[in-house]
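The values are calculated or read from the model by the stated rules, or taken from the named source; none is laboratory data. The model shown is predicted, which means the values in this text are computed figures rather than measured ones. Cβ: placed from backbone, ideal geometry, glycine included. Neighbour counts: every protein chain shown.
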Amino acid sequence: MKVKVISVLEDNYMYLVIEESTRDAVAVDAAVPKRLLEIIRKEDVVLRAILTTHHHWDHARGNEELAQLFPGLRVFGADERIGALTHKVTHGQELSFGAIRVRCLFTPCHTSGHMCYFMWEDDSPDAPALFSGDTLFVGGCGQFFEGTAEQMHTNLTQILGTLPEDTVEPENEMVKEKLAWARRDDEDLPTVPSTLHEEFLYNPFLRVTEEPVQRFTGRTDPVEVLRTLRSERDNFKKPKERPNPQAMLAFDWGLFGPFLEKK
């Protein structure tokens, strides 16, 4: 299983997952058809399906165009609002694309129909992959547009947080290391992937039971800690121009990094 990370729309990513024995491919969140087609031609693969995490335009905008270009293309998702949807999936449902296996993980909150995709190959030494859409970010989580803090807490702790760890403060040195990595000079390099093991070390939304995070929020109940963190992130003064992925990642740590250093 080969995963191509494709940077699009200044601060977003889509993915092309290639089944190397057949050269068939599956796209995840095909937002920019032109860019995806370039990668498909370069890799010399055939696009067989699209997995869409949610209906927002920056994740699903290219579905209709790609469905027209590839007759018989299957489009999977959990929300009827997803363009060109052909197969509605449910939590725990498993899909197969050649040797590639996919488990659908329903994570409503950012949208009411948000689905993450956990992907692996049997008997492969490669680590499994999690395509988490706008539920879990590197160092963050998505906004609660159509859900609650309780739902997001369940998503992060019971749905995604129980996956294998290799999936993808002076008290937390990991924050400093990841921020330095995000700010590296080459702006064309993506700030993904991460692993769940890494996220539990520095992502405050996954550390809601940790004392420094609770101290920052003034709360101890994990759901209330998560609600307060997301509110702080939502209300933080954003830069005037939309940042690139590295700057956005640095921006999140600009907000949350300092509280991990408080004594």
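For every residue, the table says whether it meets (1) over 30 Å from residue 209 (Cα atoms); (2) at pLDDT 95 or above.
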{"residue": "75", "(1), (2)": "yes, yes"}
{"residue": "86", "(1), (2)": "yes, yes"}
{"residue": "109", "(1), (2)": "no, yes"}
{"residue": "146", "(1), (2)": "no, yes"}
{"residue": "167", "(1), (2)": "no, no"}
Restricting to the stretch 228-239, count the residues that are in a helix (DSSP H, G or I) and surrounded by fewer than 17 Cβ atoms within 10 Å (Cβ to Cβ).
4
Does residue 133 satisfy the condition of being at pLDDT below 95, surrounded by 17 or more Cβ atoms within 10 Å (Cβ to Cβ) and assigned to a loop (DSSP other than H, G, I, E, B)?
yes
Can you name the residue in the stretch 197-227 that is in a helix (DSSP H, G or I) and charged (D, E, K, R) and is also modelled with the lowest pLDDT among such residues?
198
Go through the stretch 88-103 and count every residue that is under 25 Å from residue 158 (Cα atoms) and not in a loop (DSSP other than H, G, I, E, B).
8
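Quick grid of which residues meet (1) assigned to a loop (DSSP other than H, G, I, E, B); (2) at pLDDT 95 or above; (3) more than 15 Å from residue 15 (Cβ to Cβ):
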{"residue": "105", "(1), (2), (3)": "no, yes, yes"}
{"residue": "112", "(1), (2), (3)": "yes, yes, yes"}
{"residue": "116", "(1), (2), (3)": "no, yes, no"}
{"residue": "119", "(1), (2), (3)": "no, no, no"}
For the stretch 59-73: of the residues being closer than 21 Å to residue 115 by Cβ and among the small types (Gly, Ala, Ser), which is nearest to the chain's Cα centre (by Cα)?
60
Subset of the stretch 143-156, residues surrounded by 23 or more Cβ atoms within 10 Å (Cβ to Cβ) and either more than 17 Å from the chain's Cα centre (by Cα) or not aliphatic (A, V, I, L, M) (or both), comes to 155
Any residue that is at pLDDT below 70, more than 22 Å from residue 111 (Cα to Cα), touching a helix residue (DSSP H, G or I) at 6+ places or on another chain (Cβ under 9 Å) and of a type in the set (S, T, N, Q) - is there at least one of those in the stretch 228-250?
yes
Just to check your reading of the model, which residue among 53, 90 is touching a His at 6+ places or on another chain (Cβ under 9 Å) and hydroxyl-bearing (Ser, Thr, Tyr)?
53
